[in-house]
Each structure stands twice: as C-alpha cells, then as structure tokens.
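Novice: Supplied in structure tokens, the structure appears directly below.
The values are calculated or read from the model by the stated rules, or taken from the named source; none is laboratory data. Just so you know, these numbers come straight off a predicted model, no measurement behind them. Every residue, glycine among them, receives a Cβ derived from its backbone with ideal geometry; neighbour counts consider all protein chains shown.
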Amino acid sequence: MAKLDKGLFPKAFCKIYPDYWANDNDYCNIMHADGAGTKSILAYLYWKETGDMSVWKGIAIDSIVMNIDDMLCVGATGPFTYSSTIGRNKHLIPGEVIGAIINGSQEFFDTLKTYGIDVHFMGGETADVGDVVRTVIVDGTMAARMPRKKIVTTDNIRPGDVIVSFASYGQAVYETEYNSGIGSNGLTSARHELLHHDYATRYPESIDPALPKEVVYNGKYKVTDATGTPLDAGRLILSPTRTYAPLVLKVLEHHFEQVHGIIHCSGGGQTKCLHYLPQGLRVVKNNLLPAPPIFRMIQEAAGTEWKEMYQVFNMGQRLEIFTDEDTAKALVRLAATFNIEAQVSGYVEAAETNGLRIESEFGTFTY
C-alpha cells in the first residue's frame, strides 16, 4: 500500500488524477468505487419477511451516497457519471429486485437534480454469480472532472480551526422519512447484534457459514418490531445513507476559501479524520451531537465499549468540516435550511504527534 501512487493531492480524501483525456493541467479527474456492503442482506431479510420492495431503492441510495459523499470531500459537486455493478444469486434475487434497484437509482438522481446535483446514469453490469454471491451485492463507480483550483484537501487544517459536525439522523428536506443515521458502515455488527436468532435458521443464505453460531443473529428484534422511533427495527437499520450533496454544494459556493478540510466519517467512524491530518495536530471533539437511538440500541445489545463504538460507527454525525469560528456559525445556519442539525463539535490544536481525543457523554477516549 505504501508504494501506491497517491495522486496529485496526497492529503485529499479521494485519489485525484491528471486530466488524461483532455490533457488539461487546469483540470483533474476523480473516480471512486464503493457500495452498500452487507446492508443488502438486511434488505433481503426485510423484503422476504414483508414483501416491501421499497427497501431496494434504499440499497441503491446507499451505494450511490457512499461514492458521492466521499467525492464531496475533495470539492466535487458534479456533474458526475455513475455506473452500477450488481452481482446476484438469480435463484433468490429475481428480476423485480434488480429493477427496483435500478429504478431507485434513477429516482434518487432525479431528486438530487432538483437540488443542483447532476448525475448521469451510465447503466452498468448485472451478473448472475450465485457461486460467488449468496444473495446480492450492490456496488457502483462514480467519476467527475473538475478544475484543480476547486479541489479541497486537508492540507489547510491548522491549529485554531473548529469542526462543524452535521447530523446523519432526522429528516432532511430531501428525505421522505426519518433517518436513523446508521449509514453503510458497521452493518454486519448491527445486523447480528440486533436481530433475532430465528433468522439464522430461516435464512441461512444470509450468513457466512464459517461464523461461530454464538455471534450469528443474537439480538432480540424481529424486523417488524417497534423501536420507539418512527421506524420498525428493520427499516431503522435500513435507513438509506444520507447524502450531504445539496448542503456541500451551497457550502462550497459561499465559503470555499474558508473550508480547510472535509471528512466523511464512514469506515473508521469518528476516528476517520486521523488518516488525513497534516503533521503536528491533535483533534479534540468535546461537543458532539447526541448519539441517536440506533447506536444506543447496538451498544446495549452488544455490550461494545463506547470507545470502539466511536471507531466503528459515525455515532450520529457522518460529515465534518474544518473551518474558522465565524464560518462555522454560517455553516450551522446553512445546514438548518436543509433541516440538518449541526453544531461546532470540537477544535484543532498543535501537538507533537497527531492524535484525537473524544470527550463524550459516555466518557473520554484517546486515539
């Protein structure tokens, strides 16, 4: 890994390439590949239990957002191209499911377009690979071309910066229902810790046969159980990953020069920023948004140490922007126009070695 080419901007959140096609040094190209991961297994369970096809649109959204929101972190706001890659076991996943995923993708792109985010759906590949995939996997690849002068890296993060955290839960103006905030990371843990062992017997295709029985579906919930939120247990875990694209588009239009870094708190959760800090900095997160119900449910069910929870899950804030104090206030106000909760969650200070300290409602943790 150390020998891999890190692209034009090594401290950028995504790898950025020269503009090979037009050979224009003022521009660059970005391509990113990601997917919904094991969340598709949850959709499979919910669909089999309820017949509700709408969950497959959510899986399409997960795959798209895990691409587009990574690319937002380098300043890319479109136009984008997107190609889907779906592998299925055709004996379990019929054409109607594939149709729901593909149509759901286009519907989501249509919604984004009304907020100024232009994505061109280029089709993709659907393969019948039952010998490889037990149910279905939904991935995608997104690309964009943009001016180099508009690139956002983390090189400008400095002592005195503050961090604005944006909620992954609630209901943004472009969402149709309450979002738990779970995103698309840590879903294997969430699925097995929350859902009832009955599913292991009824749907053996939904688990890795090599897993010890004691770690498979050892929770108390059936997918249709009430949770004390607007969603049942299944839909709570299946909440489509929130995109911040409409918000970040406006942030960069009005505050580009003041944005010192953008972090998508996906794999690695609240510790993700550690991978992108310039040398000699410590991040202190001492005012995070409260953890929404989904993460409290997972922790209670699994007994996971809270320090580990912050390393695995976004814990209710999946995007953070490093900036100055005055701009931070403007970003919080801007987020409110999209009905996204936001607040200054911490700050950056000088340090001999890079590090992170989280001062949370559950304790203080250092990384």
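Novice: Only residues in the range 265-276 that are closer than 14 Å to Gly355 by Cβ and of a type outside the set (Lys, Arg) count as the first member; pair them with residues that are buried (at least 21 other Cβ atoms within 10 Å of the Cβ) and modelled with pLDDT under 95, Cβ under 8 angstrom, at least 6 apart or cross-chain, and list the lot.
Specialist: Partner pairs satisfying both residue conditions: Tyr276/Phe13.
Novice: With surrounded by fewer than 18 Cβ atoms within 10 Å (Cβ to Cβ) and in contact with a strand residue (DSSP E or B) (Cβ under 6 Å, 6 or more places away or on another chain) as the only criterion, which of Lys222, Lys213 stands out?
Specialist: Lys222
A quick yes/no check of all residues on (1) more than 22 Å from the chain's Cα centre (by Cα); (2) modelled with pLDDT under 95; (3) more than 21 Å from Glu175 (Cα to Cα); (4) not charged (D, E, K, R):
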{"site": "Gly35", "(1), (2), (3), (4)": "no, no, no, yes"}
{"site": "Tyr46", "(1), (2), (3), (4)": "no, no, no, yes"}
{"site": "Val55", "(1), (2), (3), (4)": "no, no, no, yes"}
{"site": "Ala60", "(1), (2), (3), (4)": "no, no, no, yes"}
{"site": "Val74", "(1), (2), (3), (4)": "no, no, yes, yes"}
{"site": "Gln106", "(1), (2), (3), (4)": "no, no, no, yes"}
{"site": "Asp118", "(1), (2), (3), (4)": "no, no, no, no"}
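Novice: Which of the residues that make up the range 203-236 are part of a helix (DSSP H, G or I) and either in contact with a Ser or Thr (Cβ under 7 Å, 6 or more places away or on another chain) or more than 26 Å from Gly104 (Cβ to Cβ) (or both)?
Specialist: Scanning the range 203-236 gives Pro204, Glu205, Ser206, Lys213, Glu214, Val215, Ala233, Gly234, Leu236.
Novice: Provide a single number: the residues in the range 10-31 that are outside any loop (DSSP other than H, G, I, E, B) and among the polar types (S, T, N, Q).
Specialist: 1
Novice: Being over 17 Å from Ala76 (Cα atoms), surrounded by fewer than 22 Cβ atoms within 10 Å (Cβ to Cβ) and touching an Asp or Glu at 6+ places or on another chain (Cβ under 8 Å) is the requirement here; does Lys48 meet it?
Specialist: Taking the combined requirement at face value, the residue does not satisfy it.
Novice: While we're looking at this one, here's another question. Does Thr243 satisfy being within 23 Å of Val216 (Cβ to Cβ) and of a type in the set (S, T, N, Q)?
Specialist: Answer is no for this residue.
Novice: Pick out the one residue from Phe166, Phe109 that is within 17 Å of Met66 (Cβ to Cβ) and surrounded by 22 or more Cβ atoms within 10 Å (Cβ to Cβ).
Specialist: Just one listed residue meets the conditions, Phe166.
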